[in-house]
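Rule-based calculations on the coordinates, nothing more; no lab input. For clarity, every value in this text was computed on a predicted model and none was experimentally measured. Here the Cβ positions follow ideal geometry from the backbone for every residue, glycine too, while neighbour counts run over all protein chains shown.
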Amino acid sequence: MKKIFTFLCAALFALTAAACGSAETTVQNNRTANDTTTVQTQADITSGKRVLVAYFSRADENTGGVGYIEKGNTRILAEMAADITKGDLFEIKTLKSYPKEYRPATEVAKQEKENNERPEINGPLPDMSKYDVILLGYPIWWGDLPMGVYTFLEKENFAGKTIIPFCTHEGSGIGNTERFITEVTKANVLPGMEMRGHKAQNSQTEAKAEIEEWIKKSFANVK
């Protein structure tokens with residue numbers, strides 16, 4: 001009788017273990033299937049194009065009621081864009097930092113613009129031959145691109161590339177920066193997206209939905 005009881009317990013344990021193993025495999029397979037679906041959806045968004053998200057952004061004290069921030073408004077959107085497209089991310093960072101206080105920073109930016117300066121960029125530039133599409137992000141400074149962005153654009157070769165700009169601002173809009181980018185790079189520049197900086201900071205769920213919709217529409221026009 002004891003042997004029969006032991007046999008039945010062993011059989012029950014084996015069946016339970018098998019069931020648990022099967023359930024675990026199903027979850028793993030579902031996760032793999034979901035990952036594949038994500039990759040396929042991503043390929044649909046970018047049409048298989050190789051993407052670089054290059055951006056210039058400044059943190060510290062900002063306008064628009066956001067105060068001191070640890071992550072710049074444009075950087076937030078750039079990271080969203082890189083996540084959506086699975087593109088590489090490159091920060092256009094000048095060798096010389098800007099003042100942390102908002103007003104002094106704007107004065108430095110104004111002087112750079114008036115002198116048509118080209119601030120030196122910190123670190124090596126990306127190999128543009130690896131990319132088909134460049135999402136270019138920047139804040140609007142004095143109605144223009146930050147001068148460091150011009151440094152980046154003039155040092156790289158954008159022949160045959162598509163540039164899709166996006167910017168943050170607090171009322172000025174994207175201005176003529178699309179035209180400026182076209183004149184400097186001779187690239188195919190698509191219509192850009194503009195967003196208030198405080199929206200990028202304080203309404204990130206809404207901001208990401210907006211930038212994702214814009215990216216989908218933009219890539220539909222990439223040749």
(Q) Suppose a student asked you for the relative contact order of the stretch 47-219, using Cα pairs under 8 Å spaced at least 6 residues apart; what percent would you report? (A) 24
Q) How far is it, in nm, from the label point at ASP88 to the one at ASN176 when both lie 7 Å from their Cα along the line to the Cβ? A) 3.3
Q. If you take the alpha carbon radius of gyration of the stretch 96-223 and divide it by 2.2 N^0.38 Å, what ratio comes out, to two decimals?
A. 1.09
Q: Can you spot the lysines whose alpha carbon is less than 16 Å from LYS100's alpha carbon? Ignore those fewer than 8 places along the same chain.
A: LYS71, LYS110
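Residues with beta-carbon under 15 Å from that of LYS49, excluding LYS49: net charge, scoring Lys, Arg +1 and Asp, Glu -1?
Numbers: positive: ARG50, LYS86, LYS130, LYS161, LYS216, LYS217, LYS223; negative: ASP44, ASP88, ASP132.
Neighbourhood net charge equals +4.
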(Q) Starting from 0.36 nm per residue, how many nanometres of slack lie between ASP132 and LYS96 once their C-alpha separation is accounted for? (A) 10.0 nm
Q.
I'd like the Karplus ³J(HN,Hα) series for the stretch 126-131: coefficients 6.51, -1.76, 1.60, θ = phi - 60°, whole numbers in Hz, and an x wherever there's a Gly or Pro.
A. x, 7, 5, 5, 7, 10
Q) If you stretched the chain out fully between SER47 and LYS223, how much longer would it get, using 0.36 nm times the residue separation minus the C-alpha to C-alpha distance? A) 62.4 nm
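Where a ≥ b ≥ c are the square roots of the eigenvalues of the C-alpha gyration tensor, would you call the stretch 41-156 rounded, which needs a/c under 1.5, or, failing that, prolate if a/b is larger than b/c, or oblate? Write down the numbers at each step before the final one.
Working: a/c = 2.52, a/b = 1.53, b/c = 1.65.
Because a/c hits 1.5 or more and a/b fails to exceed b/c, the stretch 41-156 counts as oblate.
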